[in-house]
1. Is region 79-136 rounded, prolate or oblate when judged by the Cα gyration tensor, a ≥ b ≥ c being the square roots of its eigenvalues, rounded requiring a/c under 1.5 and prolate requiring a/b larger than b/c?
2. Estimate the FRET efficiency between R282 and A243 by the formula 1/(1 + (r/R0)^6), using the beta-carbon distance for r and 30 Å for R0, to the nearest 0.05.
3. Which residues' amide hydrogens lie under 5 Å from the amide hydrogen of R196, considering only partners 5 or more residues apart or on another chain, with H built in the peptide plane?
4. Give the calculated FRET efficiency between T232 and E123 to the nearest 0.05, with a Förster radius of 35 Å applied to their Cβ-Cβ distance.
5. To the nearest 0.05, how large is the calculated FRET efficiency for A274 and A101 if R₀ is 41 Å and r is the Cβ-Cβ distance?
6. So for the pair V160, K193, with labels modelled 7 Å out along Cα→Cβ, what separation do we get in nm?
7. Provide Rg and Dmax in Å for region 153-296, with only Cα atoms included in the calculation.
8. How long is the gain from E215 to E295 if the chain were fully straight, where each residue apart is worth 0.36 nm and the alpha carbon distance is subtracted?
Amino acid sequence: MREPGGARGASVAVIEAEEPGFGASGRNTGFVVPSFTAGLGPADVDRLLGPALGERLSRFVGGSAAFLFSLIAAQDIACDAEPNGWLQPAHSSARLALLEARVREWQALGQPVRLLGRHETEELTGSRAYLGALLDRSGGEINLICLPGGPGVGEALADVETIDFVRREGGRTEYATSVCMGAFLLGAAGPLKGRRATTHWAYVDLLPVVGATHEKARVVRDGNVFTAGGVTSGIDFAFRIVAELAGPEVAQAIQLGIEYDPSPPFDAGHPDKAATALMIQRNAMARTRIEQELEKLAILTKV
């Protein structure tokens, strides 16, 4: 891991309609969580990797939030960083007992964590449903630039202020990026013109409409522009960005930390391998909306 003073800086624009985490839908909440997945703690990692490697990885993960916020401060990155802590509440006695064990394990590594009682948890969450919670003061939230896909892309294309903002900020960032149908937001604003790019497979034939040339790949880089295909391609894209900004070692450590080693039950993740009729039918409405909005933006080329 590089120290903040020796890291490669990046000019980053933040795109956020409200506050970081607003309308959290699982696409880009911006949470900074210095922990493993809910089912793993430092003791579990020790058992899996052995004490030496286990402790090394746990210290890396536990210190990731503090490093991130120090990097943001050192590079003066404008991303609405809020090191206001991270909370993991317990909804049952069994979960509370697990969190008690997690607190002891993280405290043994010097992590600033403590167990909150029911009253403190209620004050922080506004809910009486929890028995307690693990509070890690080193966590927080940020929001980095990335244009995601999903059913809201049509509405976003219709919003002039959004497109103007992407055009203005995307033109001066070090990296312009998108995942899935977010490529059309990026394209409508201009950064995809003359570039190789990708998007969800059901929409790749629309890329020329925004001046891009489709390249068949899960993640495509053309200069400072990164585009990813549908949904799960965003995970591969994230590792590419982390490797670019922090080095492959950090990206690999994160990959191990989230156990990203996919083995899908079916070999049907691309139209080259599976029937597409049902998905094309389901995507028809979204596709039509995107075409309509691109036409309104005077980008659609009549053939």
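Where a number appears in this text, it was derived from the coordinates with a stated rule and is not lab data. Note that the coordinates shown come from a computational prediction; the quantities given were computed from them, not determined experimentally. Note that each Cβ is placed from the backbone with ideal geometry, even for glycine, and that neighbours are counted across all protein chains shown.
1. Numbers: a/c = 2.38, a/b = 1.08, b/c = 2.21.
It comes out oblate by the Cα gyration axes.
2. Details: r = 34 Å, r/R0 = 1.12.
Once rounded, the FRET efficiency stands at 0.35.
3. T213
4. Numbers: r = 38 Å, r/R0 = 1.09.
The calculated FRET efficiency here is 0.35.
5. Working: r = 43 Å, r/R0 = 1.06.
After rounding, the FRET efficiency stands at 0.40.
6. In this crude spin-label approximation the distance works out to 1.9 nm.
7. 15.9, 45
8. Working: separation 80, 0.36 × 80 = 28.80 nm, distance 2.32 nm.
Extra length from E215 to E295 when fully extended: 26.5 nm.
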